[in-house]
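**Student:** I have a structure I would like to understand better, so I am pasting it below and will then ask my questions one at a time.
The values are calculated or read from the model by the stated rules, or taken from the named source; none is laboratory data. This is a predicted model, so every value here is computed, not measured. Here the Cβ positions follow ideal geometry from the backbone for every residue, glycine too, while neighbour counts run over all protein chains shown. We work out accessible area using only protein heavy atoms, side chains counted, and drop any ligands, DNA or RNA first. Shrake-Rupley method; radii C 1.70, N 1.55, O 1.52, S 1.80 Å.
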Amino acid sequence: MMAYERVPLDRFQEVFGTTTELSSVSLGGKVLSCSDEFFADASNLLKVEPSASLKGQFGPKGSLFDGWETRRHNPAYDWVVLALGAPGTIVGFDIDTAHFNGNEAPAASVVGYCSKDGTVPGPEDEAWTPILPRAPLGPSSRHLFLLPAPSAPYTHLKLSQYPDGGIARFRAYGSVVPLFPADPRTPLDLAHVQSGGLVVKVSDAHFSRASNLLLPGRGYDMRDGWETRRSREKGHTEWAIIKLGAPGYLTQAEIDTAFFIGNFPESVELHATSSDQVVPPEEGEGWTTILQRTKTGPNKQHFFKLENVEGKVYSHVKVIMHPDGGMKRVRITGTRAVPGHAPPSLSKELPAIPAGTPHLRLIPAEPLTSAAFAPFGQVLQAWADPADAPKGVEHTLANNGTAVKYHRLAPITQSYPAGSGEFTGIGVYRSTPAEGARVGGTWPIKMLERHPCTNQAFIPMGTATHPQGEKPLAANRFYLVCVCETGEDDKPDLSTLKAFVASAAQGIMYNENTWHHPMCVLDSPIDFACVETQIGMRSEGLDCELIRSRNFEQLTSWSPL
C-alpha cells in the first residue's frame, strides 16, 4: 500500500480546496530551528506569497534565492523544525522547489509531534512520528503529496531534505483541531480559522483567496483579504460559503473592509443554514436571511446584530457581496450548540422594546475603533503592533527603546471669540455607572450635549490608589460612547445615533460641536482626565449646550463578544 499519492497541480482545488494551510505564517506558523541556512533563510519556507525569481541577483554568499538553501556536500541530511499556526490533522503537503534548478533538494520527508506543553523534542529524538516518507523531488516545480488518511493531530513538524540543497516553499494542509472554551455558553467567533471555520465554496477569488476571511487579526494590506473581479452585469453578486467550526446559536457578525478603500463592496448580506454536508447547496429553501442587504464603507469594521437566529442552530453562513469587491475579515459571533445546554435567550440579553413606546429603538454598541469613530473625533490609544495603527499615524521608538510613541493622535482645538478668557487645561472626572449601565444590560439615553467652541478628550487614568482608604479602581473597565450627527435644524439627528464600547486602554477626543452623551461607565467607576478649553466653570452656551428630553430616549446595549 502506498504511503502517499502524488497529486497533479490541476487537481489542487479538488483535493486541498476545503483544507486549511496549517503551516502558514498568517495563521501563526513559524520556523523554530534548522540544521543550516547558509545560502537562504529557512523562514522563507512559510511565506504566504509564491516564491519570487531572484535570477541574476547576488549577495556576499552567491546567488540569491527566495527559499531555504543549505551548504553543499552534507553527508547526512538537512532539517528544519517548525511550529504550526494551529494544532491540526494533516492530509497532505505542497513542497515547492520553484527557481531551484541544479541546486534543488533531491528528496524530502516530514515527521510530526504533538506538544502538550509547548516543548519540542530534539531533531534526532525518537518522539517524532513519520508522516511523509522520503519522497523524490524535482527541479523548479511544485510537488503535491496526499496522505492515504488524515494524520493524528500535530503541533510541530520537521521537514528534512536529502542530502542538501534548496526548497522554496513548504505548506502543510489539513484541518484545525479547535480548542473551544469549557463553558459552551461562552461567546466566540465560530467562523475563525482557529475555531475550525472553513471557507468551503466561493463564486470567485480572482485577486485573493476567500479563506483569508477567517484569519487572525486585521492583516497588513489587501493581499490577505478576499477580492473578486470587477463585474459589469446589473444585479451581479459574489459569495463565499463558510462552514462554522461547530454548529451554534449566532448573535452578531462583523464585516471588516480594512485596506479596501476604492474596492469595498457596495453592500453585503448574510444567509445561514444547517447542514450535515461539508459543502451544502449554495441555493435552496434551507437558507435563512440573518442580515438584510446593508451598505458598507471603506477601511472599516462593520458590526451587525443578526436576525432570525434566536433558538436556531446554524452550521454554515453564506456571505454575499453586491456587486463585487473585497473584504478583509468575516467574524460570526455565537455560542456552540451542545446537547444538554439550552440556547441563549437573546430577549433576556437585549430586552425587547416596551409596547406602546414606538419612539424607542435598540442601538447595539460596537467596539470602538479609529475608523468607525472618525466622523465624531479621534481614538487615543497605543497598538501592540505598530502595523495595526490606522494609516497615517506616525510612531517612533522612545525611552531608550522601551516604548513606542504614537504621534499627533489628536489636536487640541478651540474657536472661542477673542478675549473670552478661555483656558485650556486638564480636569478629572470620577464617573460612576448610571442606572442600567452594566455589561449585558441596556441604558436609556435621556440627554445629549455638545461643545460648540472646543474639542474635548477623555482619557481613563487606569488603577487609582487612594490613601484615604478608598478601594483602588481596577484598570480593566469599560465605558460607552454615544454620538450622533447634527441635523438640518441644528439639533441632534437621532437617525445617525451610534454607540461604541471602549476599554480603559482607550481614550477619545470629541470634535468641536459633536453631539454626545456624557460619559457612561459600565459596572464600576472610572476616573478620566479631561483635556478641554473653557471660559466658565458651569456655564451652558459657548462652553456646553445641553438637550434633555424623553422624546429621543433610546436603548443602548452592550454585551461582551
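**Student:** Looking at the stretch 112-132, which of its residues are surrounded by fewer than 16 Cβ atoms within 10 Å (Cβ to Cβ) and either part of a strand (DSSP E or B) or not assigned by the TED database to the domain that holds residue 76 (or both)?
**Tutor:** 129, 130
**Student:** Which of the following residues is open to solvent by less than 20 Å² (accessible area, probe 1.4 Å), under 20 Å from residue 196 (Cα atoms) and in contact (Cβ under 8 Å) with a residue 40 or more places away in the chain: 135, 108, 86?
**Tutor:** Numbers: 135 fails: under 20 Å from residue 196 (Cα atoms); 108 fails: under 20 Å from residue 196 (Cα atoms).
Checking each option against the conditions leaves just 86.
**Student:** With the requirement that a residue be charged (D, E, K, R), under 30 Å from residue 331 (Cα atoms) and open to solvent by 20 Å² or more (accessible area, probe 1.4 Å), what does the stretch 138-197 give you? So that I can check it myself, show each step before the final result.
**Tutor:** Taking the stretch 138-197 as the starting set, the residues that turn out to be charged (D, E, K, R) are 142, 158, 164, 169, 171, 183, 185, 189.
Those still in the list that are under 30 Å from residue 331 (Cα atoms) too: 169, 171, 183, 185, 189.
Result: 171, 183, 185, 189.
**Student:** Here's something else I'd like to know. Restricting the stretch 26-39 to residues that are among the aliphatic types (A, V, I, L, M) and at pLDDT 95 or above, which is nearest to residue 226 (Cα to Cα)?
**Tutor:** The initial filter retains those residues of the stretch 26-39 that are among the aliphatic types (A, V, I, L, M), namely 27, 31-32.
Okay, now just the ones that are also at pLDDT 95 or above, so 31-32.
Working: 31: 26, 32: 30 Å.
Of everything passing the filter in the stretch 26-39, 31 is nearest to residue 226 (Cα to Cα).
**Student:** What strands (runs of 3 or more DSSP E) lie completely within the stretch 295-385 and have 1 or more residues being of a type in the set (Val, Ile, Thr) and modelled with pLDDT of 90 or more?
**Tutor:** Details: elements: 301-305, 314-322, 329-336, 362-364, 377-380.
In the stretch 295-385, the matching strands (runs of 3 or more DSSP E) lie at 314-322, 329-336, 377-380.
**Student:** For residues that are farther than 22 Å from residue 486 by Cβ and not charged (D, E, K, R), scanning just the stretch 536-554, find the one that is modelled with the highest pLDDT.
**Tutor:** Of all residues in the stretch 536-554, those farther than 22 Å from residue 486 by Cβ come to 536-538.
Cutting the leftovers down to not charged (D, E, K, R) gives us 536-537.
On the way: 536: 71, 537: 59.
For the stretch 536-554, the residue satisfying everything is 536.
**Student:** Could you tell me whether the stretch 204-213 includes any residue that is of a type in the set (S, T, N, Q) and either more than 14 Å from the chain's Cα centre (by Cα) or at pLDDT below 90 (or both)? Spell out the reasoning first.
**Tutor:** The first filter runs over the stretch 204-213 and keeps only residues of a type in the set (S, T, N, Q), leaving 208, 211-212.
With the extra rule that they be either more than 14 Å from the chain's Cα centre (by Cα) or at pLDDT below 90 (or both), the set shrinks to 208.
Taking every residue of the stretch 204-213 in turn, at least one turns out to be of a type in the set (S, T, N, Q) and either more than 14 Å from the chain's Cα centre (by Cα) or at pLDDT below 90 (or both).
**Student:** Quick one: is residue 234 open to solvent by 50 Å² or more (accessible area, probe 1.4 Å), part of a strand (DSSP E or B) and either out of contact with any helix residue (DSSP H, G or I) (no Cβ under 8 Å at 6 or more places or on another chain) or in contact (Cβ under 8 Å) with a residue 12 or more places away in the chain (or both)?
**Tutor:** Values: open to solvent by 50 Å² or more (accessible area, probe 1.4 Å): yes; part of a strand (DSSP E or B): no; either out of contact with any helix residue (DSSP H, G or I) (no Cβ under 8 Å at 6 or more places or on another chain) or in contact (Cβ under 8 Å) with a residue 12 or more places away in the chain (or both): yes.
Against the criterion (open to solvent by 50 Å² or more (accessible area, probe 1.4 Å), part of a strand (DSSP E or B) and either out of contact with any helix residue (DSSP H, G or I) (no Cβ under 8 Å at 6 or more places or on another chain) or in contact (Cβ under 8 Å) with a residue 12 or more places away in the chain (or both)), residue 234 does not qualify.
**Student:** Considering (1) of a type outside the set (Val, Ile, Thr); (2) over 15 Å from residue 160 (Cα atoms); (3) surrounded by fewer than 19 Cβ atoms within 10 Å (Cβ to Cβ), say which one residue 77 fails and leave the rest.
**Tutor:** With respect to (1) of a type outside the set (Val, Ile, Thr); (2) over 15 Å from residue 160 (Cα atoms); (3) surrounded by fewer than 19 Cβ atoms within 10 Å (Cβ to Cβ), residue 77 is out only on (2).
**Student:** I'm trying to understand the selection: among the residues of the stretch 1-57, which are in a strand (DSSP E or B), within 28 Å of the chain's Cα centre (by Cα) and buried (at least 18 other Cβ atoms within 10 Å of the Cβ)?
**Tutor:** Residues of the stretch 1-57 in a strand (DSSP E or B): 5-7, 20-21, 30-34, 40.
Applying the additional criterion that residues be within 28 Å of the chain's Cα centre (by Cα) yields 20-21, 30-32.
The answer is 20, 21, 31.
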